[in-house]
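S.K.: Please find one structure pasted underneath; my questions will follow.
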Amino acid sequence: MAKVIVVTSGKGGVGKTTTSAAFAAGLALRGHKTVVIDFDVGLRNLDLVMGCERRVVFDFINVINGDANLNQALIKDKRHDNLFIFPTSQTRDKNALKRDGVERVMEELKQQFEYIICDSPAGIEHGAITALYFADSAIIVTNPEVSSVRDSDRIIGILASKSRRAERNEPPVDVHLLLTRYDPARVTRGEMLAVDDVKEILSIPLLGVIPESESVLRASNTGTPVVFDEDSPAGRAYVDAVARFLGETREMRFVKPERRSFFRALFGRA
Amino acid sequence: MAAGNIVQGALFTVMVVRAAMLREPAFENELTQQIGRSPRFFQNAPVVLDLRGVENLTEAGEFETIKEKLRALTLTLVGVQNAQPAQLEGATAAGLASFAPTTGGGQSRAGAAPPAAAKTRLVTAPVRSGTQIYARGSDLVVTASVSPGAELVADGNIHVYGVLRGRALAGAGGDGAARIFCTRLEAELVSIAGRYLVSEQLPANAQGAPVQIALVDDQLTITRN
C-alpha cells in the first residue's frame, strides 16, 4: 500500500525541500519506488535541489487541471531508476491547488509508487494545508531554536485536526521529528536548543538529527540530494533517518561535539 | 449521509418547576426576583413542569395558561415530568413533551436549576500551539503538556498533569472560587475570574514548580504544592 509522507514545518527556511529531496532519494536508494512532489506553487525550488530544472515541461498544476497527464509531467531522476520528481508551477499560486484535483492525482500516484513525498510550502495556509491533507506520515522539520519549535508545534496540532485522517476519524497521521541544522558545539555553548529540549517540548518520536553542514548548501547548488554525498555527515545522517523511518534501529550520530583531530587542531582548521 | 447522523443524542440541563409551587402567591414574586438577578441566564430558558403531588391539572387549557405565565417570565415550558396518564394527555394536547422522572426531583427547590454535575472535560493529547480549548460550565483536566501559544479556558477549575507553557484561564464565567493546578508552571499567562498574571509577573520560586493558583482576597495567589 502506497504511503503519503508530508515534509512540513510551519516555518520557512528550516530545510523542508532539502529534506524532501534527501528523503526521496534515500528511499529510492533503499529500493523503494518514490516520487517527490513540490507543493510550493509559485515558489518552485524542488526541481533545482533535485537538479532537473532544465527538464520541466508539464507540472503538477497542469495535471490537476487536466492539461497534461501524469506520465508527461513526472521527471525520472538520472541517478536512480526508482526516483521521480513531480515539479510544480512557478507562474501560478497556491489557489491552483484544488483539493479534488490533488486527490485525483494522489490516487493515480498511489497506483505507481510506494512512497509519495509531499514537499510542503511554509505557513499554515491553503498550500501547506493541502500538502498535509492526504498524509499518512509526517516529517516535522525543526531547527533547534524557539520560533521553529513553536511553529512545528502548531503544525503538529493542525495535522491532528485538519488532515483527512483526522476528518475521517481514521488512525492519526504518524508524526516524526527531524531536527536539522544542528550544531552540537553551539548547543554546548548554550546558543542552540539541545535535542532533548526539543523532544520534550514537541513530545513526538525523533527520526533523526541532521548536523549543520556545508555539504547541504553545496548539494542544493549542484542539484544533488545530499544522501548521494557519502562523505557528508548530513548525507549520512539522512541515510540513518531513512533507515529509522523504515523501522531499523540506528544509534543517533552527530549529536555530540566533534572531537577535533590532532592534525586539524594543529593547523587550526575547523 | 449515514442514517446515524440524522438523529443524535445530547444532554441538557433544564430547569424544573414544581407545579405545586405555582399556586403559592409568593412563588411568582420569588421567581421574578431570581430571574432579575441573572436575566441572561434565564432568557428563553427551557423549563419542565414537575407534576408530582398534583392531582388535578389535566386540561390542555390549564397547561396553556401555565405556559403563558412562564412565557411572561421569559421562560419556555417544554414538557412535563411525573405526569399521571390523564395529565399526560392534557399536556400532550398542549404540545408538551414527557420527561423521564429524575431521582430526588421532589427535593429540588422550585425555580432553581437542579444541581446537575457538569462532566469534566478531559484532554489526553498534548495541547499544541494555536489550539484553544474551552470547557463550558465545567472543569478542564489535561493529562499532557500545554504548549506555548495554546489556550485553556474553563468555567471551573483547570488541572494540567504536565507542563503548563501556554495560557490558562479558570473561572472564565466569573467564578472566583475556581483554581488552576499544574505539575510544572511555565505559563505565559494564568487567570482566575478575570484576574491575571503574565509570565514575567510569576514569582521566580513558582517557575517550573508544581503549583496551585487561587484567588485569595481578590489577589491571584500561587502556592507550591
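The values are calculated or read from the model by the stated rules, or taken from the named source; none is laboratory data. Just so it is clear, the structure is predicted and the values come from calculations on it, not from any experiment. Cβ: placed from backbone, ideal geometry, glycine included. Neighbour counts: every protein chain shown.
S.K.: For the range B:3-21, which positions are modelled with pLDDT under 75, within 22 Å of B:Gly79 (Cα to Cα) and hydrophobic (A, V, I, L, M, F, W, C)? So that I can check it myself, show each step before the final result.
M.R.: To start, the set of residues in the range B:3-21 that are modelled with pLDDT under 75 comprises B:3-13.
Still in the list and also within 22 Å of B:Gly79 (Cα to Cα): B:7-13.
Across the range B:3-21, the qualifying residues are B:Val7, B:Ala10, B:Leu11, B:Phe12.
S.K.: Continuing with the same structure: When you go through A:Gly10, A:Gly26, A:Gly42 one by one, which is the residue that is of a type in the set (Gly, Ala, Ser), assigned to a loop (DSSP other than H, G, I, E, B) and surrounded by 24 or more Cβ atoms within 10 Å (Cβ to Cβ)?
M.R.: Details: A:Gly26 fails: assigned to a loop (DSSP other than H, G, I, E, B); A:Gly42 fails: surrounded by 24 or more Cβ atoms within 10 Å (Cβ to Cβ).
After applying the criteria, what remains is A:Gly10.
S.K.: Among (1) within 14 Å of chain A (Cβ to nearest Cβ); (2) surrounded by 14 or more Cβ atoms within 10 Å (Cβ to Cβ), there is one condition B:Gly208 misses while meeting the rest; what is its number?
M.R.: If we test B:Gly208 against (1) within 14 Å of chain A (Cβ to nearest Cβ); (2) surrounded by 14 or more Cβ atoms within 10 Å (Cβ to Cβ), just (2) comes out false.
S.K.: Working carefully through the options B:Ala113, B:Ala91, B:Ala118, B:Ala97, find the one that is at pLDDT below 95 and either within 13 Å of chain A (Cβ to nearest Cβ) or farther than 19 Å from B:Leu49 by Cβ (or both).
M.R.: Details: B:Ala113 fails: either within 13 Å of chain A (Cβ to nearest Cβ) or farther than 19 Å from B:Leu49 by Cβ (or both); B:Ala91 fails: either within 13 Å of chain A (Cβ to nearest Cβ) or farther than 19 Å from B:Leu49 by Cβ (or both); B:Ala97 fails: either within 13 Å of chain A (Cβ to nearest Cβ) or farther than 19 Å from B:Leu49 by Cβ (or both).
Only one candidate passes the filter, namely B:Ala118.
S.K.: Could you check, for the range A:61-75, whether at least one of its residues is surrounded by fewer than 20 Cβ atoms within 10 Å (Cβ to Cβ) and under 21 Å from A:Asp240 (Cα atoms)?
M.R.: Scanning the range A:61-75 turns up no residue that is surrounded by fewer than 20 Cβ atoms within 10 Å (Cβ to Cβ) and under 21 Å from A:Asp240 (Cα atoms).
S.K.: In the range B:23-35, which residues are in a helix (DSSP H, G or I) and either surrounded by 10 or more Cβ atoms within 10 Å (Cβ to Cβ) or in contact with a helix residue (DSSP H, G or I) (Cβ under 6 Å, 6 or more places away or on another chain) (or both)? Steps first, answer last, please.
M.R.: Pass one, the range B:23-35, residues in a helix (DSSP H, G or I): B:25-35.
Correct list: B:Phe27, B:Glu28, B:Asn29, B:Glu30, B:Leu31, B:Thr32, B:Gln33, B:Gln34, B:Ile35.
S.K.: Need at least 1 residues that are on the phi < 0 side of the Ramachandran plot and in contact with a His (Cβ under 8 Å, 6 or more places away or on another chain) per element, so show me which strands (runs of 3 or more DSSP E) inside the range B:161-216 make the cut, counting only ones lying wholly within it.
M.R.: The qualifying strands (runs of 3 or more DSSP E) are B:180-185.
S.K.: Return the only residue of A:Thr17, A:Thr34 being buried (at least 21 other Cβ atoms within 10 Å of the Cβ), at pLDDT 95 or above and under 30 Å from A:Arg150 (Cβ atoms).
M.R.: A:Thr17 is the lone residue from the list that is buried (at least 21 other Cβ atoms within 10 Å of the Cβ), at pLDDT 95 or above and under 30 Å from A:Arg150 (Cβ atoms).
S.K.: Only one residue in A:Pro205, A:Pro172 is under 22 Å from A:Leu159 (Cα atoms), at pLDDT 95 or above, touching a Lys or Arg at 6+ places or on another chain (Cβ under 7 Å) and surrounded by fewer than 17 Cβ atoms within 10 Å (Cβ to Cβ), so which one is that?
M.R.: On the way: A:Pro205 fails: touching a Lys or Arg at 6+ places or on another chain (Cβ under 7 Å).
Answer to the selection: A:Pro172.
S.K.: Take the residues of the range A:213-259 that are of a type in the set (Ser, Thr, Tyr) and not in a helix (DSSP H, G or I): which is surrounded by the most Cβ atoms within 10 Å (Cβ to Cβ)?
M.R.: The residue in question is A:Ser213.
S.K.: I want to confirm something. Restricting to the range B:141-166 and keeping residues that are farther than 20 Å from B:Thr223 by Cβ and away from chain A (no Cβ under 14 Å), which single residue is surrounded by the most Cβ atoms within 10 Å (Cβ to Cβ)?
M.R.: The extreme case among them is B:Asp155.
S.K.: Are there any pairs, at least 6 apart or on different chains, whose C-beta atoms fall under 7 Å, with the first in the range A:234-256 and within 23 Å of A:Arg189 (Cα to Cα) and the second in a loop (DSSP other than H, G, I, E, B) and not hydroxyl-bearing (Ser, Thr, Tyr), and if so, which?
M.R.: Correct list of pairs: A:Ala237/A:Arg253; A:Ala237/A:Phe254.
S.K.: Here is a follow-up. Could you grab me the full set of residues in the range A:49-62 that are more than 12 Å from A:Ile37 (Cα to Cα), in a helix (DSSP H, G or I) and not acidic (Asp, Glu)?
M.R.: Our first condition is that a residue be more than 12 Å from A:Ile37 (Cα to Cα); within the range A:49-62, this holds for A:49, A:51-58, A:62.
With the extra rule that they be in a helix (DSSP H, G or I), the set shrinks to A:49, A:53-55, A:62.
Across the range A:49-62, the qualifying residues are A:Val49, A:Arg54, A:Arg55, A:Asn62.
S.K.: Also, I was wondering about something else. Can you give me the ranges of the helices (runs of 4 or more DSSP H) entirely in the range A:96-187 with at least 1 residues that are without any contact (Cβ under 8 Å) to a residue 24 or more places away in the chain and within 13 Å of chain B (Cβ to nearest Cβ)?
M.R.: Values: elements: A:99-112, A:126-133, A:146-162, A:164-167.
Hits in the range A:96-187: A:146-162, A:164-167.
S.K.: Let me ask another. If you take the residues in the range A:63-95 that are in a loop (DSSP other than H, G, I, E, B) and hydrophobic (A, V, I, L, M, F, W, C), which one is nearest to A:Ala21 (Cα to Cα)?
M.R.: First pass over the range A:63-95, keeping only residues in a loop (DSSP other than H, G, I, E, B): A:65-69, A:74, A:77-82, A:87-93.
Retained after the next criterion (residues that are hydrophobic (A, V, I, L, M, F, W, C)): A:68, A:74.
On the way: A:Ala68: 24, A:Leu74: 15 Å.
Out of the qualifying residues, it is A:Leu74.
S.K.: Which residues, taken from the range B:51-105, are assigned to a loop (DSSP other than H, G, I, E, B) and either touching a His at 6+ places or on another chain (Cβ under 9 Å) or hydrophobic (A, V, I, L, M, F, W, C) (or both)?
M.R.: Within the range B:51-105, the subset assigned to a loop (DSSP other than H, G, I, E, B) is B:51-59, B:73-74, B:82-84, B:94-96, B:100-104.
Selection gives B:Leu51, B:Val54, B:Leu57, B:Leu73, B:Ala83, B:Ala94, B:Leu96, B:Ala100.
S.K.: Search the range B:36-63 for residues being of a type in the set (D, E, K, R) and out of contact with any helix residue (DSSP H, G or I) (no Cβ under 8 Å at 6 or more places or on another chain), and hand back the single one that is modelled with the highest pLDDT. If you could, list the steps in order and put the result at the bottom.
M.R.: Here is the first cut: in the range B:36-63, the residues of a type in the set (D, E, K, R) are B:37, B:40, B:50, B:52, B:55, B:59, B:62.
Restricting the remaining residues to those that are out of contact with any helix residue (DSSP H, G or I) (no Cβ under 8 Å at 6 or more places or on another chain) gives B:37, B:40, B:55.
On the way: B:Arg37: 73, B:Arg40: 73, B:Glu55: 76.
For the range B:36-63, the residue satisfying everything is B:Glu55.
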